[in-house]
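Shown next, in structure tokens, is the structure this report addresses.
The values are calculated or read from the model by the stated rules, or taken from the named source; none is laboratory data. Being a predicted model, the structure only gives us computed values, none of them experimental. Glycine also receives a Cβ, built like all others from the backbone with ideal geometry; neighbour counts cover every protein chain displayed.
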Ligand code: BES
Ligand code: MN
Ligand code: ZN
């Protein structure tokens, strides 16, 4: 998809579709804060008041997120896509994002492949023109994603969007950024959506290599079972041992800054399928556990977005890839495992496998002498209970790092929310038989998982993101969301700018 800025009058646009906002206005109010966009007013006049009449009759909806197509409006070559925006007073950044996605989805489902989007530069939003442009472009990119790996589109399927021009006064650099971030989101969604018989640990390693092939500044390192045994990564290995596909530790390194600059390290949970292992999960919805590698998918996506952006940082991406299966050799409840750090772990539930693979990946990552480590994981069902699908959880003992991640989430609208990592929770991990057990019981399940990881990052500037609710959508829009690629990329961009 190509993005551009259309600097001429919107009426000079020669493509086949024009997208414009429709606000729900208070009648008989001439206040300029209560007006349709200048373009709407212009087209209304040119059509002798047709737009106004259709709005009044309800044929055009101003309801937030509803779209209306108009064909053959008097004086217009193009078809119009009118996008309901609700009341100007309620028009927030989140609503703006929503109407952009609604417009992009309607365009994607139509037979038009190009459009001029006049949703940006809204006077009803306090956010800058640059911000509006970047968000709008990312929503078009989002709507254009289509999974095709194991199902080809029908012959009569609506075509992909090929070009979007934006009526905007913003800096066109925003569009290059949106393309890079959109690429990273697509990488993550595609990996997340792939079935677990295709996307297994070896596939992830191979895929990471392929993505790196195009990038000369990226180095790839893949640790196989022998290499991990030599490093005593027994927690990661224990999870992988039940599967016929062996586990891997995958590391990618990008040098965009001086060799001595400390790297930002992203660590991802890459459980390509989570059956629960011997503590097997119930059957219902188990297929969703193909998404249990979305931490890995999103750190890869954010990493390659940052590479495309050529950020002046050193960045590493570390993926702990394994499949959690029940088997005669599988690890079992009661096992005590000595992790790479030397700390011992009593396994009380083999379904708490994410923290097992991550603890060794976190220990290994410290060799890179990171400026900061952020791990990303679909770690706990409890996180879905706590925050639902609208926020990732962020946990850290480093308040400044939390502040950075909260801010990046807010500005990218890929938001996270803090849960406490107070020491009081740590004792839920106590056991007679090891330095810790791998589950902390029912209370505060997401926090005790974070507490577990914190024991492997002592002295590090580290934060943990639990993305269990955000990583994929259930039901109608079933599929990987690519979250939190936008958040992570924004965080890295902010680091590069500071
Ligand atoms: N991958 C799951 C967490 C998960 C479950 C994410 C449902 C999204 C939706 C994780 O490995 C897991 O099974 N966690 C257990 C931990 C428990 C055994 C302490 C959980 O949440 O039940
Ligand atoms: Mn599990
Ligand atoms: Zn899991």
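Scanning the range 264-308 for residues that are in a loop (DSSP other than H, G, I, E, B) and near ligand 1 (Cβ under 10 Å from one of its atoms), which turns out farthest from residue 439 (Cα to Cα)?
If we filter the range 264-308 for residues that are in a loop (DSSP other than H, G, I, E, B), which is where we start, we get 275-285.
So of that shortlist, the ones also near ligand 1 (Cβ under 10 Å from one of its atoms) come out as 275-277, 279, 281, 285.
On the way: 275: 17, 276: 13, 277: 15, 279: 12, 281: 15, 285: 22 Å.
Looking at residues that are in a loop (DSSP other than H, G, I, E, B) and near ligand 1 (Cβ under 10 Å from one of its atoms), I get 285.
Go through the range 423-453 residue by residue and tally those that are in contact (Cβ under 8 Å) with a residue 24 or more places away in the chain and part of a loop (DSSP other than H, G, I, E, B).
7
Here is a yes/no grid of residues against (1) part of a helix (DSSP H, G or I); (2) without any contact (Cβ under 8 Å) to a residue 60 or more places away in the chain; (3) away from ligand 2 (no atom under 16 Å from the Cβ):
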| residue | (1), (2), (3) |
| --- | --- |
| 330 | no, no, no |
| 356 | yes, no, no |
| 386 | yes, no, yes |
| 402 | yes, no, yes |
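Is it true that some residue in the range 45-53 is touching a residue at least 24 places away in the same chain (Cβ under 8 Å) and either closer than 29 Å to residue 178 by Cβ or under 25 Å from the mean Cα position of the chain (by Cα) (or both)?
There is no residue in the range 45-53 that is touching a residue at least 24 places away in the same chain (Cβ under 8 Å) and either closer than 29 Å to residue 178 by Cβ or under 25 Å from the mean Cα position of the chain (by Cα) (or both).
Within the range 312-325, does at least one residue satisfy the condition of being within 30 Å of residue 178 (Cα to Cα), assigned to a strand (DSSP E or B) and within 16 Å of ligand 2 (Cβ to nearest atom)?
Restricting attention to the range 312-325, the residues satisfying the condition of being within 30 Å of residue 178 (Cα to Cα) are 312-321.
Next, only the ones that are assigned to a strand (DSSP E or B) stay: 314-321.
Filter again for within 16 Å of ligand 2 (Cβ to nearest atom), leaving 320-321.
The answer is yes, given that some residue of the range 312-325 is within 30 Å of residue 178 (Cα to Cα), assigned to a strand (DSSP E or B) and within 16 Å of ligand 2 (Cβ to nearest atom).
Inspect all residues belonging to the range 231-244 and state whether any of them is at pLDDT 95 or above, more than 16 Å from ligand 2 (Cβ to nearest atom) and surrounded by 22 or more Cβ atoms within 10 Å (Cβ to Cβ).
Quick first cut of the range 231-244, residues at pLDDT 95 or above only: 231-244.
Then drop every residue that is not more than 16 Å from ligand 2 (Cβ to nearest atom), which leaves 231-234, 237, 244.
The next check asks that each one be surrounded by 22 or more Cβ atoms within 10 Å (Cβ to Cβ); those that pass are 233, 237.
Taking every residue of the range 231-244 in turn, at least one turns out to be at pLDDT 95 or above, more than 16 Å from ligand 2 (Cβ to nearest atom) and surrounded by 22 or more Cβ atoms within 10 Å (Cβ to Cβ).
Considering each residue of the range 338-353, count those that are closer than 10 Å to residue 436 by Cα and more than 16 Å from ligand 2 (Cβ to nearest atom), and give that number.
The number of residues fulfilling the criteria is 3.
Taking the conditions exactly as written (touching a helix residue (DSSP H, G or I) at 6+ places or on another chain (Cβ under 7 Å), within 16 Å of ligand 2 (Cβ to nearest atom) and either part of a loop (DSSP other than H, G, I, E, B) or not assigned by TED's automatic domain parsing to the domain that holds residue 98 (or both)), does residue 362 satisfy them or not? Please lay out each step first, then the result.
Numbers: touching a helix residue (DSSP H, G or I) at 6+ places or on another chain (Cβ under 7 Å): yes; within 16 Å of ligand 2 (Cβ to nearest atom): no; either part of a loop (DSSP other than H, G, I, E, B) or not assigned by TED's automatic domain parsing to the domain that holds residue 98 (or both): yes.
In short, no.
Is the range 309-319 home to any residue that is within 16 Å of ligand 1 (Cβ to nearest atom) and within 14 Å of residue 236 (Cα to Cα)?
First, pick out the residues of the range 309-319 that are within 16 Å of ligand 1 (Cβ to nearest atom): 319.
In the following step, the residues that additionally are within 14 Å of residue 236 (Cα to Cα) were identified as 319.
Within the range 309-319, one or more residues are within 16 Å of ligand 1 (Cβ to nearest atom) and within 14 Å of residue 236 (Cα to Cα).
Which numbered condition trips up residue 254, out of (1) in contact with a helix residue (DSSP H, G or I) (Cβ under 8 Å, 6 or more places away or on another chain); (2) over 19 Å from residue 308 (Cα atoms); (3) away from ligand 1 (no atom under 15 Å from the Cβ)?
Tallying (1) in contact with a helix residue (DSSP H, G or I) (Cβ under 8 Å, 6 or more places away or on another chain); (2) over 19 Å from residue 308 (Cα atoms); (3) away from ligand 1 (no atom under 15 Å from the Cβ), residue 254 fails exactly one: (2).
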